[in-house]
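To keep things clear, I will list the structure first and then write my remarks on it.
The values are calculated or read from the model by the stated rules, or taken from the named source; none is laboratory data. Remember, it's a predicted structure, so these values are computed and weren't measured experimentally. All Cβ positions, even for glycine, are placed from backbone atoms using ideal geometry, and neighbour counts span all protein chains on display.
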Amino acid sequence: MRLTPSAPVAAPGIKLFTTDKPVFEFLTFTFEDAECLLNAAEPEWRVLSLLVLKTGLRHGADMGMHLAR
C-alpha cells in the first residue's frame, strides 16, 4: 500500500476560517541580567541556571537531566 499526501478536506456543512499568524516574543537576557540571575540563585541551582542561560534549554529538558555518579 502506498500513501499519498492530499490537500485538507473540509467536512460537509463546516465552514473553515482563517486567523492571523501569532506573534512570537522571545525572552532575551543581557549579560547584566544573566549575572543578576546567577547571583540571586541559590548555590545548588547556579550551575543548572548557567547551563540553561548558555544553551537555551527548555524547562522540561533541564528538569529531566540526571547526574550520573
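Brief remarks on what is shown
- Those residues of the range 42-63 which are small (Gly, Ala, Ser) and in a helix (DSSP H, G or I), in sequence order: SER49, GLY60, ALA61
- Filtered residues of the range 1-50 (kept if touching a helix residue (DSSP H, G or I) at 6+ places or on another chain (Cβ under 7 Å) and modelled with pLDDT of 80 or more): ALA34, LEU37, LEU38, ALA41, ARG46, LEU48, SER49, LEU50
- Applying a threshold of 6 Å to beta carbon distances and a minimum spacing of six or more residues, or different chains, the list of pairs starting in the range 31-43 at a residue that is within 15 Å of LYS54 (Cα to Cα) and ending at one that is in a helix (DSSP H, G or I) and basic (Lys, Arg) reads LEU38/ARG46.
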